[in-house]
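Data first, discussion second: the structure below is written as structure tokens.
The values are calculated or read from the model by the stated rules, or taken from the named source; none is laboratory data. Just so we're clear, the structure is a prediction, and the values are computed from it rather than from any experiment. Here Cβ is always computed from backbone atoms with ideal geometry, including for glycine, and neighbour counts include all displayed protein chains.
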Amino acid sequence: MMAPVLETRGLSKSFGAIVAVDDVSFELKQGELLALIGPNGAGKSTCFNMLMGQLKPTNGEVILAGETITGMLPRHVWRKGVGRTFQITATYTSMTVIENVQMALMSHHQETFRFLPYAHKRHRAEALELLELVQMADQADRHCAVLAYGDLKRMELAIALAHQPKVLLMDEPTAGMAPKERVNLMKLTSDIVADKGVSVLFTEHDMDVVFAHSHRIMVLNRGQLIAEGNAQEIRNNSQVQEVYLGGGTVFGGEGQTHA
């Protein structure tokens, strides 16, 4: 059996007397699109921040491709092959779409600031390939300041892929997007997972997105994993239903699955 690309063992984080993440263990397989869901305050962001190195776990391990990366600085985790997108896009608004991707590629190739005056000439072909992958090549020379929010999200995905990550962490990738944009972005992500074999762990509040695109779903509540399975198993899990019913959310049919 193939070893997982990313694994946690007994991952925990406490802030004084408050236990934000409590003994979380899971595996992410190569080419898997794995959703981590749960109500607000469940510990999803804390878990992500430990995986990426922004927070040091109180207990437990994070293992990437067989190597323990627990407590490494974010830049070292990134160099090891973990990329991340955020709820709020962070781009250079004064630059064009392709220049943003070129900057990411310069960082990936560890080029120093002496190349900065020539940034617009560096790795242009490679940047265009990435923009083609996220269906943004036709907007390569537009400035980011005039882009629609959905286009900014797709560009951010290209920037994350510039480092050729083994694992991509996506923190609420469809937040703030219109329903059609949400569907398009996650369909695009699914295609990239299938084509490139990238492993994706994502958090999401839109259950339609989660159920439609995840290979597997984990549910976190009060810092603990309470359920794991496919969409049907999670829909039918009584403990999950209780958690979400308590928050006023009904796991019903299409159009009734927002959390």
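Observations
- Residue count for the stretch 8-53, restricted to those that are of a type in the set (Asp, Glu), assigned to a strand (DSSP E or B) and under 23 Å from residue 231 (Cβ atoms): 1
- Cβ-Cβ contacts under 7 Å between residues 6 or more apart (or on different chains), taken from a first residue in the stretch 34-48 that is of a type in the set (Ser, Thr, Tyr) to a second residue that is in a loop (DSSP other than H, G, I, E, B), are listed as 46/55.
- Checked against (1) at pLDDT below 90; (2) exposed (fewer than 14 other Cβ atoms within 10 Å of the Cβ); (3) assigned to a loop (DSSP other than H, G, I, E, B); (4) not acidic (Asp, Glu), residue 56 passes all but a single condition, namely (1).
- Restricting attention to the stretch 1-18, the residues being surrounded by 16 or more Cβ atoms within 10 Å (Cβ to Cβ) and at pLDDT below 95 number 1.
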